[in-house]
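Have a look at the structure below before the remarks.
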Amino acid sequence: MNTTVRITEIFHSLQGESRTVGIPTTFVRLTGCPLRCQYCDTAYAFTGGEVKTLDTIVQEVSKVSSALHVTVTGGEPLAQPGCLSLLSQLCDAGYEVSLETSGALDIQDVDDRVCIVMDIKTPASKEMHRNIYDNIGILKADDQVKFVICDRQDYDWAKFKIAEFKLNEKVSEVLFSPSFEQLPARELAEWILSDGLRVRMQMQLHKLLWGDVPGV
């Protein structure tokens, strides 16, 4: 079992996305990512960081806040083998744990207690070719699928994928996010309403409150 991972930061904030948006959450950001999405807002987590034991991380999480929710994110957290053990250890400690993953790495061995928020990469991300569509068949009913929408082509492509994989029947939430400063949020909202699309639109609460800065 891998007993260490490389960590960029651990911090307390409000969840900015997903169905738990607005809930006080402790974030554990792992270092490193094999993808290079053109809109990435966490490039500072590609390198650096500090190697820590899983026990140390769980202890730090307990000291950062009394929040019951913990989100493990990146970078791409599953790029580190120790992430799987970290997720299980956080669940064992009694936290409600979510994993933010690109869907470009195998999710088969993720602890069933973890809520997976899987980001399916759209054409404009420049990383669509990295999607592992077999991951969709592994998702649980309480998991979530996310699309970051950059333009109308992305929107139409995401609609097609929702229908192709019957995502509304597969997972609890299908999330659409307008790419920050690339697609006006109102425009995406109007497309969704016009089509009667069964998705939850989200706008990254943390950026609305504090801007596009690390650690919040």
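The values are calculated or read from the model by the stated rules, or taken from the named source; none is laboratory data. No experiment lies behind these values; they were computed from the predicted model shown. Don't worry about glycine lacking a Cβ; one is built from the backbone with ideal geometry, like all the others, and counts go over all protein chains shown.
Scanning the range 163-203 for residues being in contact (Cβ under 8 Å) with a residue 60 or more places away in the chain and of a type in the set (Phe, Trp, Tyr) gives a total of 1. Annotation: of all residues in the range 156-182 being part of a loop (DSSP other than H, G, I, E, B) and among the small types (Gly, Ala, Ser), the one that is surrounded by the most Cβ atoms within 10 Å (Cβ to Cβ) is Ser179.
What is the one condition in (1) surrounded by fewer than 21 Cβ atoms within 10 Å (Cβ to Cβ); (2) over 20 Å from Glu173 (Cβ atoms); (3) charged (D, E, K, R) that Asp112 does not satisfy? Among (1) surrounded by fewer than 21 Cβ atoms within 10 Å (Cβ to Cβ); (2) over 20 Å from Glu173 (Cβ atoms); (3) charged (D, E, K, R), the lone unmet condition for Asp112 is (2). The residue that is modelled with the highest pLDDT, counting only those in the range 14-47 that are of a type in the set (Gly, Ala, Ser) and crowded, with 19+ Cβ neighbours inside 10 Å, is Ala45. Kindly indicate whether Gly48 is of a type outside the set (Lys, Arg) and farther than 22 Å from Leu175 by Cβ. Taking the combined requirement at face value, the residue satisfies it.
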